[in-house]
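Worksheet: one structure, shown below.
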Amino acid sequence: MGIITNINSLQGMGIYADRGARSPSLQFRRYNLVYGFNGSGKSTLSRLFASLEAGEPHPKLPAGGTFEMALDDGATFGCPSNPVGIEQRLLVFNSDYVEQNLQWAAGRANPVFYIGADQAEAASELSRIEGEIVQAEARKAATAATEKAAEKTFANYKRERAKLVASRLHLGSRKYEAPALAKDYDTWKDDGGLGLTDDQLKAAEEVRRLDEPMPRLQPVSFDKATIETAYRFIADVCGQSLATVALDEVQRHPDMLLWLKHGHEYHEAHAIADCLLCGNAITAERRVLLAAALDDSVDQFVARLNKTAERLSGLIESSTQMGSRGPTMEDLSTELRGGFRDVRENLSRDAQLLGRQLGTLQAVLSAKLERPATPADMKDVAAEADVVATAERLAESVMTVNEAISAHNQAVTDFEMNKAAAETSIRRHFIVDCRDEYAKAAGDLDDATGKLKVETDSVATLRERARELRQRIRTHGPAAGVINKLIAAYLGHGEMTINPVDEGYELQRHGTPITGVPSEGEKTAIAISYFLSSIEADNRKLKDVIVVVDDPVSSLDTKALNFACSLVRTRLENAAQVFILTHNLQCMNEFRKAWKGKARPPTGKDPTATFLYIDVTVPEGQPRRSSKIIEMSKLLREYDSEYHFLFSHVLRFVQRPDAYDDHGYMMPNVIRRVLDVFLAFKSPGGGGLPGQLDKLCSDYPGLDREQLAALERLAQVESHSDNLDDLLSFSTMTLEETRGAAAVLFAMMEHVDGNHIKRLKGLCQ
């Protein structure tokens with residue numbers, strides 16, 4: 001079975017800095033020692049493991065935090081996603097475990113689980129059921145993956161299909177998304193009608209694109225009867241002659257009529273007696289004869305010709321321009337444009353033809369105006385039947401155009417209603433178009449969901465059966481002797497024992513029930529012994545389990561601590577994987593010494609142990625402390641005292657006076673601890689730090705006592721600093737005071753024992 005090799009990701013977990021794909025691997029191995037001060041995040045780390053033990057996020061982890069751990073077989077587990085799978089393999093001992101399993105005030109413990117000989121049958125059945133659970137979980141995981149894939153496929157299909165529909169609806173600020181598509185499918189899934197044609201879809205889209213209705217159009221006016229009447233009238237007029245003119249000269253020379261009339265009127269108007277052409281006198285008889293022959297009828301006839309010419313010009317112009325006055329396809333509502341191009345081309349063609357046909361009359365009429373007394377030559381005039389036929393076709397085209405204009409104007413009136421209808425028709429079109437694909441995707445998801453429910457119910461049934469079997473196996477009485485042996489081994493004496501009673505355990509000291517609660521050390525002893533005795537309960541095997549122990553030596557004296565570490569280490573030696581988390585330097589040293597050969601085996605062998613350190617810093621620009629798990633410093637790994645490790649921090653602080661130090665917040669405490677250890681060897685005895693400094697100055701006259709004032713200030717501020725846990729607190733000393741104290745400390749150590757500080761610096765390189 002696989003073991004945990006790394007924390008792949010860590011987000012939002014309190015004091016811990018986030019981890020991700022680029023974070024270096026923690027390289028967990030079979031035996032793992034993690035050292036960190038109180039408050040550095042050990043409890044949080046143990047709760048990450050406890051989450052996988054419970055199959056759900058630990059309630060004391062920060063809300064919204066996430067993490068993922070990797071196993072050496074490639075599997076990954078984490079929270080909130082994929083927390084289930086290794087619950088039966090993980091066992092976590094921490095303060096939460098103590099609270100959940102031991103009721104100290106009542107002197108009771110939760111039942112200890114132990115498999116006896118008489119429960120062998122139940123244990124065998126439990127083993128079989130657990131095997132079936134593994135297979136059922138695998139089937140459930142497979143069907144869950146299938147359902148998730150089907151759900152994703154269906155969701156993607158609806159989302160992309162909805163995007164397509166939305167792109168054709170032109171909804172503006174409104175949205176059309178997957179839920180709307182699903183609702184439309186329910187509405188039209190049984191609609192047997194066809195979808196829109198391409199032209200209909202395009203027309204509906206054009207309606208949807210409009211933000212406001214198109215302008216209304218004016219109908220086209222045309223009266224074919226006017227054309228027919230005009231043709232006949234002009235043809236008749238052009239064929240007439242002025243038979244009323246009695247002059248022989250006009251009869252012989254009709255083209256001279258207007259010349260004679262204009263000449264006569266000119267001579268009369270200007271009282272000219274002689275003819276301006278021939279110079280002869282115009283007699284009175286001739287004047288009377290001309291006046292009688294050239295009377296008002298000629299003027300009226302000529303005026304009628306001029307009026308007819310003007311009317312004809314108007315008809316030609318209106319007919320010729322009729323093609324351009326009608327609406328274009330772009331002027332009409334989109335749904336009316338189909339086939340309109342041909343109608344408009346016919347209208348334009350016939351309008352131009354009618355103009356040309358009427359133009360033949362215009363040429364004849366112009367000639368008639370020049371020779372009103374002579375009948376016009378009609379041989380080049382368009383035939384009446386042709387003109388009438390053209391007018392009839394034009395009238396039909398105008399009627400068709402006006403029908404389109406009427407429909408267009410109605411569409412303008414019904415603009416909002418038509419937009420809504422266009423939206424409905426487009427939505428229905430796309431549902432009809434995708435009905436089969438939608439039904440298949442929905443069906444695949446329904447099938448996958450049904451199969452997952454079957455497998456989920458099967459797993460639940462098997463788990464309930466396993467729970468019932470474990471209940472049959474559990475008993476606390478036979479385990480009491482085992483726990484008492486472990487307590488004695490843990491504490492190094494047999495004074496504290498537990499005695500099973502009807503509802504739990506009775507705590508005894510020297511065989512007599514205790515009257516109060518046990519000490520913190522005894523609490524830890526009972527809890528860890530209870531934990532160790534239950535590892536192989538519930539049909540578990542030590543070789544299969546991953547055990548996490550957080551601070552197993554809380555409040556123990558030195559002698560008991562050695563027993564405790566030895567017990568935990570030997571009992572867990574054959575576990576699949578072990579994690580020891582501690583803030584106790586002596587406890588760390590006990591496991592470090594025991595596992596040193598596993599962490600650095602002889603050449604040719606792979607290491608099976610990993611030593612790690614929870615480093616707490618205040619990153620530059622950040623107001624809060626931040627923890628990250630790193631490889632344990634060689635100065636902690638190779639030495640039993642923290643002196644070398646703390647000295648390395650002071651050395652870095654002194655060597656980089658202008659650089660930001662993310663450990664700067666704890667430097668006053670670190671300097672005080674280094675000073676205490678140095679003076680303990682160089683100036684032993686009482687009197688406190690001021691007395692030690694006085695004695696040191698006495699032993700080394702070259703020291704300036706006044707320059708050591710910075711160290712006395714350090715002693716006053718950091719008087720509480722007597723263990724490594726104090727390194728997490730913030731000092732009241734300023735950065736300048738701290739740098740001054742560090743400089744004075746190094747100068748004093750250099751003067752008192754130059755070789756000592758030289759060798760320390762060498763170890764820190």
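The values are calculated or read from the model by the stated rules, or taken from the named source; none is laboratory data. A quick note: this is a predicted structure, and the numbers were derived from the prediction, not measured. Cβ sites come from the backbone with ideal geometry, for glycine too, and all protein chains shown count toward neighbours.
Numbers at a glance
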{"read-out": "Any chance A150 is at pLDDT 90 or above and either assigned to a helix (DSSP H, G or I) or surrounded by fewer than 16 Cβ atoms within 10 Å (Cβ to Cβ) (or both)", "value": "yes"}
{"read-out": "Residue in region 196-206 that is among the basic types (K, R) and either touching a Leu at 6+ places or on another chain (Cβ under 7 Å) or closer than 23 Å to I405 by Cα (or both) present", "value": "yes"}
{"read-out": "Looking only at region 622-651, and only at residues there that are of a type in the set (S, T, Y) and not in a strand (DSSP E or B), the one that is nearest to the chain's Cα centre (by Cα)", "value": "S633"}
{"read-out": "Number of the condition not met by F222 [criteria: (1) part of a loop (DSSP other than H, G, I, E, B); (2) over 30 Å from V364 (Cα atoms)]", "value": "(2)"}
{"read-out": "Count of residues meeting criterion [in a helix (DSSP H, G or I) and not small (G, A, S)] in region 186-204", "value": "8"}
{"read-out": "Subset tally (residues that are surrounded by 13 or more Cβ atoms within 10 Å (Cβ to Cβ) and in contact with a Ser or Thr (Cβ under 7 Å, 6 or more places away or on another chain)) for region 15-27", "value": "4"}
{"read-out": "Filter result (without any contact (Cβ under 8 Å) to a residue 60 or more places away in the chain and under 58 Å from the mean Cα position of the chain (by Cα)) within region 191-231", "value": "G192, T197, D198, R209, D211"}
{"read-out": "Pairs where the first residue, in region 355-372, is touching a residue at least 40 places away in the same chain (Cβ under 8 Å) and the second is charged (D, E, K, R) and part of a helix (DSSP H, G or I), C-beta under 6 Å, 6+ apart", "value": "R371/D255"}
{"read-out": "A448 over 30 Å from F154 (Cβ atoms), touching a helix residue (DSSP H, G or I) at 6+ places or on another chain (Cβ under 6 Å), in contact (Cβ under 8 Å) with a residue 40 or more places away in the chain and surrounded by 13 or more Cβ atoms within 10 Å (Cβ to Cβ)", "value": "no"}
{"read-out": "Single residue of region 576-596 satisfying the filter (surrounded by fewer than 20 Cβ atoms within 10 Å (Cβ to Cβ) and in contact (Cβ under 8 Å) with a residue 60 or more places away in the chain) that is farthest from K42 (Cα to Cα)", "value": "A576"}
{"read-out": "Residue that is closer than 30 Å to S397 by Cβ and at pLDDT 85 or above, where the choices are D198, D223", "value": "D198"}
{"read-out": "Flag for A75 being exposed (fewer than 15 other Cβ atoms within 10 Å of the Cβ), within 27 Å of the chain's Cα centre (by Cα) and touching a residue at least 60 places away in the same chain (Cβ under 8 Å)", "value": "yes"}
{"read-out": "Residue ID - farthest from the chain's Cα centre (by Cα), chosen from residues in region 161-185 that are assigned to a helix (DSSP H, G or I) and surrounded by fewer than 13 Cβ atoms within 10 Å (Cβ to Cβ)", "value": "K183"}
{"read-out": "Residue list for region 203-235, filter: among the basic types (K, R) and loosely packed, with under 15 Cβ neighbours inside 10 Å", "value": "R209, R216, R232"}
{"read-out": "Residue within region 348-355 that is of a type outside the set (D, E), under 30 Å from P213 (Cα atoms) and either at pLDDT 70 or above or in a helix (DSSP H, G or I) (or both) present", "value": "yes"}
{"read-out": "Of all residues in region 82-117 being at pLDDT 80 or above and hydroxyl-bearing (S, T, Y), the one that is surrounded by the most Cβ atoms within 10 Å (Cβ to Cβ)", "value": "Y97"}
{"read-out": "Only one of V288, V207, V298, V245 that is in contact with a helix residue (DSSP H, G or I) (Cβ under 8 Å, 6 or more places away or on another chain), in a helix (DSSP H, G or I) and at pLDDT below 70", "value": "V298"}
{"read-out": "Candidate set from region 500-527 (those that are among the acidic types (D, E) and within 18 Å of V482 (Cβ to Cβ)); member that is modelled with the highest pLDDT", "value": "E522"}
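Here's the yes/no breakdown for (1) farther than 28 Å from N409 by Cα; (2) of a type in the set (A, V, I, L, M); (3) in contact with a Lys or Arg (Cβ under 8 Å, 6 or more places away or on another chain):
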{"residue": "E151", "(1), (2), (3)": "yes, no, no"}
{"residue": "L164", "(1), (2), (3)": "yes, yes, no"}
{"residue": "L194", "(1), (2), (3)": "yes, yes, no"}
{"residue": "L201", "(1), (2), (3)": "no, yes, yes"}
